[in-house]
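The block underneath contains the structure these notes are about, expressed in structure tokens.
Derivation of every value follows stated rules applied to the coordinates shown; laboratory data play no part. The structure displayed is predicted, hence computed values, not measured ones. Cβ atoms come from the backbone with ideal geometry, glycine included; neighbour counts cover every protein chain shown.
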Amino acid sequence: MHNEAVDSTQIRRVARGGIAAFAIYMAGVGLAYSSQLAIARIVSAETYGIYAYVLAWMSVLAYLSALGFDTALLRFLPAYETERAWPLLRGVIQYAERRATLVGTVVIVIGVSVVMLRAESLSPALKDTFLIGFTLVPVWALLWIRCSVARAFGGVVLAVAPDRIVRDGVLLSLVFIASWGLGWNVNAPFVMMAMFVSSALALGTATTAVRRLQPGAFANALPAYAASTWRLTALPLVVIGATGILMNRTGVLLLGWIGDTKSAGVYSLAFSIAFVVALPQTAINTLFAPTVSILFTRKDQAMLQVLITKSSSWNLCAAAFIGASLLILAEPLLAWFGEDYVAGVPALRILLVGQVIAASAGSQMHVMTMTGNERGAAALLIAGVLGNIITGVALIYLFGLVGAAIASTMTLIVWNVAMALFIWRRLNLLSGVLALFR
């Protein structure tokens, strides 16, 4: 009876935490899309495409620089805190932050060197946007790591707010002040600089949150290191993080790579709107991942299946409602951003269908990474990215924007089916809403 009460409490905690995090995410999405609306209306679609293209590259590089610790810490910190292994807890945080800073700095040096060598083949706007964008890499890597630390310490809202509210809120404010307040000509390099300033402030907010949430015994502990164990776990996770963001940005990167920055901007906006469907799942994951780790450590298979089933049901219900609403409003919604963006309506509708189908599968990637199956998750994700690139190149050549959306949707569905089969065979767990029929 006691275990049942504890398990029910955990499920309610995930629900309450998911609702709170979802509210923050929705506020963050509102700010993010407001900033995109301002940018899209102030600059041309081609200029917005330059910004989106460079931002996609910086996102991939930042995930590589985080070295997988933005996810690995969600496994290590709850376990160390439960065992009261304060030296190891302090050590793994220090280790993650120092390595991420080092790699991010190296990325800046190499990236700036490559851009300067190719300066003659790049437009001035694209060159300047790249040069400013590289400074985001170590800032984002540290931001995500510190948000993960706050999340592992139980600060759901404090973990979400810096990356969603502070960053996008400051970005929106800077764009408004520069354009409407000061009457400046806002271009892609300026927007990228505003993103750097807002990200730096978000990093400061996340750092303050971690200091507030850290356990009392943490401050006095001398760091201890289990570097080989941490590297072994984090290596596949860095592949997962980088390839995961690459899968989401493949369309933008391919369109930008062939020089069609205008289509890259339109596709980026369509994908961002379609990704609203995934927000309920992302919000629930703020507590889902650590809880999966705890239940797996306790070998509580039955409760783990219940958690997966319930969270998948919540995901699907919310995703279906949001997806249907956006499907109906696709054309007027994109028209708000300017007439050039209406060309993305078919792509947006295709992407929405794919996101709803994926939501029915639940948080399969977190199930795999939180149960020690990082290598399998990384292998499936790499295969998915390669498939997305290959089909994307072919379909973009044939259908342009719509081809990029078809490639992304096909890859997303096949990838989720592959993960479901892996989880069933390796963990004997049914993924997504299929578990309701067990």
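Can you run phi through the Karplus equation (6.51, -1.76, 1.60; θ = phi - 60°) for the range 167-178 and list ³J(HN,Hα) in whole Hz, with x for Gly and Pro?
Here the 3J(HN,Hα) series is 4, 6, x, 5, 4, 4, 4, 5, 5, 4, 4, 5 Hz.
Could you work out [θ]222 nm for the chain from helices alone, using -39500 (n - 2.57) per DSSP H run of at least four and dividing by all its residues? Round to the nearest 500 deg cm²/dmol.
Helix-only estimate at 222 nm: -27500 deg cm²/dmol.
Among the aspartates and glutamates, select those whose C-alpha is under 20 Å from the C-alpha of LYS310, and discard any that sit fewer than 8 residues away in the same chain.
Hits, sequence-local ones excluded: GLU4, ASP7, ASP300.
Quick one: Debye curve from the C-alpha atoms of the chain, no solvent, what's log10 I(q)/I(0) at q = 0.07, 0.08, 0.13 Å⁻¹?
Normalising to I(0) and taking log10 leaves -0.33, -0.43, -1.21.
If you wrap a convex hull around the Cα atoms of the range 142-200, how much volume per residue is inside, in Å³?
61
Angle between the Cα long axis of helix 124-133 and the longest principal axis of the chain, 0 to 90 degrees, nearest 10?
20
First obtain the Kirkwood hydrodynamic radius of the range 72-120 from its Cα pairs, then insert it into the Stokes-Einstein equation at 25 °C and 0.890 mPa s, and state the resulting D in µm² per second as a whole number.
Using the Kirkwood radius from Cα pairs, D works out to 189 µm²/s.
For the range 232-374, calculate the relative contact order in percent as a whole number, restricting contacts to Cα pairs under 8 Å that are 6 or more residues apart.
Rounded, it is 35 percent for the range 232-374.
Starting from 0.36 nm per residue, how many nanometres of slack lie between SER44 and VAL157 once their C-alpha separation is accounted for?
Length gained between SER44 and VAL157: 37.2 nm.
I'd like the distance between the alpha-carbon centres of the range 120-145 and the range 259-283, rounded to an integer number of Å.
20
How high is the relative contact order of the chain, in percent, counting Cα pairs under 8 Å that sit 6 or more residues apart?
RCO, the chain: 22 percent.
Treating cross-link reach as a plain straight distance, find the aspartates and glutamates whose alpha-carbon is under 20 Å from the alpha-carbon of LYS262, omitting any fewer than eight places away in the same chain.
GLU46, ASP128, GLU331, GLU339, ASP340
Using a Gaussian network for the chain with springs between C-alpha atoms less than 10 Å apart, which of these wobbles most: ASP163, ASP340, ASP70?
Between ASP163, ASP340, ASP70, it is ASP340 that shows the largest mean-square fluctuation.
Give me the compactness ratio for the range 227-357, meaning the Cα radius of gyration over 2.2 N^0.38 Å.
Compared with the compact-globule rule of thumb, the range 227-357 sits at 1.32.
Taking the Cα centre of the chain as origin and charging only Cβ (+1 Lys, Arg; -1 Asp, Glu), how large is the dipole, in debye to the nearest 20?
Around 1100 debye, computed over the chain.
Any idea what the relative contact order of the range 304-438 is, in percent, if you count C-alpha pairs under 8 Å spaced at least 6 apart? Spell out each step's value before the answer.
On the way: 142 pairs, mean separation 47.0, N = 135.
With pairs under 8 Å counted, the relative contact order is 35 percent.
Count neighbours as other Cβ atoms within 10 Å of each site's Cβ, and list the trypsin sites (Lys or Arg not before Pro) in the range 74-172 that are DSSP loop with at most 14 such neighbours.
Passing both the DSSP loop test and the Cβ count: ARG84, ARG118.
Any chance you could list the semi-axes, whole Å, largest first, of the equivalent ellipsoid that the Cα gyration tensor gives for the range 369-427, using √(5λ)?
Working: eigenvalues 151, 21, 10 Å².
Result for the range 369-427: semi-axes of 27, 10, 7 Å.
Just to check I understand the Karplus step: with θ = phi - 60° and J = 6.51 cos²θ - 1.76 cosθ + 1.60, what whole-Hz values come out for the range 408-416, glycine and proline as x?
4, 5, 4, 5, 4, 5, 4, 5, 5
Report the net charge of residues surrounding TYR48, where surrounding means a beta-carbon distance below 11 angstrom and charges are Lys +1, Arg +1, Asp -1, Glu -1.
Here the count lands on 0.
Give me the one-decimal nm value for the distance between modelled label points at ILE390 and LEU117, 7 Å along each residue's Cα-to-Cβ direction.
3.0
Rounded, prolate or oblate: pick one for the range 164-267, where a ≥ b ≥ c are the square roots of the eigenvalues of its C-alpha gyration tensor, a/c under 1.5 means rounded, and failing that, prolate if a/b is larger than b/c, else oblate. Don't skip to the end; give the middle numbers.
On the way: a/c = 3.94, a/b = 1.40, b/c = 2.82.
It comes out oblate by the Cα gyration axes.
Can you give the FRET efficiency for THR101 and SER325, using 1/(1 + (r/R0)^6), R0 = 41 Å, r = Cβ-Cβ distance, to the nearest 0.05?
It comes out at approximately 0.45.
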